[in-house]
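Quick note: the coordinates plus some simple rules give every number you see, no bench work behind them. Quick caveat: nothing in here was measured; it's all calculated off a predicted structure. Note that we place each Cβ from the backbone using ideal geometry, even for glycine, and neighbour counts take in every protein chain shown.
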Amino acid sequence: MSQWSVNRINALIEEFDLANYLEIGVFGGQTFFRVQAVTKVGVDPAFRFDPKERVNNKNEEYFSVTSDDFFKNHAGDRRWDCVFLDGLHYFEQTFRDFCNVVTNSHESTIIVIDDVVPSDIYSSFREPRFALSLRKEETGSESISWHGDVYKTIFAIEEFFPRFQYATIMKGGNPQTILWRENREPIFDCSVISENNELAYLNFKKNFEIMNPVDNFDEIISRIRIARTQKNI
C-alpha cells in the first residue's frame, strides 16, 4: 500500500484545512479510502472494487469514467482544495489532467502528482511490458517498477505555468511533486518534452534540479505556509 501518499496528503489536509479532495486514478482505493477529507471524489474508468459497496460513506463520490470525460462532463464549476494525480503514466495525459485541474482549482488548491521520478531508464519507457522485459534482459532484475514519462509533466509546468511553485519530495516513499500557487521565474527550456524517450530521460537526469528536490516533507509544508502568509490566505 502507498502509505507515503496517505501520510503526505493527510498532512497537507490537516495543516492547511483542505476540505474537498479529488483523486484521479483510484485503482483499488488504497490511498483514497484513507484520505481524511470532508468530501472526496474518486475518478477511475476501471475501479478495482465496487463503488456501490461504499454507499455508507456519504462523503465519497465515484465516477467510473476517464479523467477527460470527468472534466468535460462531470466536474462542472466545482473547485477542489486538494488534488492527487495518479492516473495513466503518460506525459500527455498527466499534463492534460493538470491543465484541467487548474480550471477547477482556486488560489489555495494544492496538487500532488505521483510517479514523477523514474527509478531507472527502463522505468521511464512508455510501454510497461517492454520496460520490464528489457530491464530483466539487460540487468537480470525482476523489478516491476514503472513510472512512464510522467516526469516530463513537471518540466512542462516549469515552463508554461510560472504561477505555480513546486517541490519534489524524494525520501520517505515514492517521489512525488507537490504544487501550489506562488509566482516564480520560469527557466524556459522544454527540450526534455520534445525529445525521444532515451534522450529525454538523460536530459531529465542532467537537469534534475528543475524538479526542485527536497528530502524533508516539512520543508514543503513550510514553503507553502510562507506563500499563503504572503498572500493572506
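What the table below lists for this structure:
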read-out: Arg48 versus Gln36: modelled label distance in nm, points set 7 Å from Cα along the beta carbon direction; value: 2.5 nm
read-out: Spatially proximal lysines relative to Lys52 (Cα-Cα < 16 Å; intrachain offsets below 8 disregarded); value: Lys40
read-out: By average C-beta atoms within 10 angstrom, highest first, the peptides 133-141, 77-85; value: 77-85, 133-141
read-out: Signed unit charges on C-beta, dipole axis of the stretch 3-230, positive-most listed residue Asn104, Gln165, Val116; value: Asn104
read-out: Those aspartates and glutamates that a straight Cα-Cα span of less than 17 Å connects to Lys171, excepting residues fewer than 8 apart in one chain; value: Asp114, Asp115, Asp120, Glu209, Asp215, Asp218, Glu219
read-out: Cβ-based net charge around Leu132, under 14 Å, with every Lys or Arg adding one and every Asp or Glu removing one; value: -1
read-out: Potential extension, Thr103-Ile144 segment - 0.36 nm per residue separation minus Cα distance; value: 11.3 nm
read-out: Debye log10 I(q)/I(0) at q = 0.20, 0.23 Å⁻¹ for the stretch 1-127, Cα point scatterers; value: -1.23, -1.58
read-out: Cα-projected label distance for Lys206 with Arg184, points at 7 Å along beta-carbon direction, nm; value: 2.2 nm
read-out: For the stretch 3-230: span of alpha carbons on each principal axis (Å, largest first); value: 49, 44, 33
read-out: Cut-off 13 Å between beta-carbons: net charge of the residues surrounding Arg163, Lys and Arg +1, Asp and Glu -1; value: -2
read-out: Candidate aspartates and glutamates for bridging to Lys231, where Cα separation is under 18 Å - those fewer than 8 sequence places away on the same chain excluded; value: Glu15, Asp17, Asp81, Glu107, Glu182, Glu185
read-out: Distant-in-sequence amide H partners of Leu22 (H built 1.01 Å from N, under 5 Å); value: Val41, Cys82, Val83, Phe84
read-out: Summed residue charge, Cβ within 9 Å of Asn20's Cβ, Lys/Arg positive, Asp/Glu negative; value: +2
read-out: Average projected area [Cα convex hull, the stretch 194-233], square nanometres; value: 4.3 nm²
read-out: Helical contribution to [θ] at 222 nm, DSSP H n ≥ 4, -39,500 (n - 2.57), averaged over the chain, rounded to 500; value: -11000 deg cm²/dmol
read-out: Gain upon complete extension [Lys136, Lys231; 0.36 nm per residue less C-alpha separation]; value: 29.2 nm
read-out: Cα→Cβ-extended label distance, 7 Å offset, between Asn197 and Asp17, nm; value: 4.7 nm
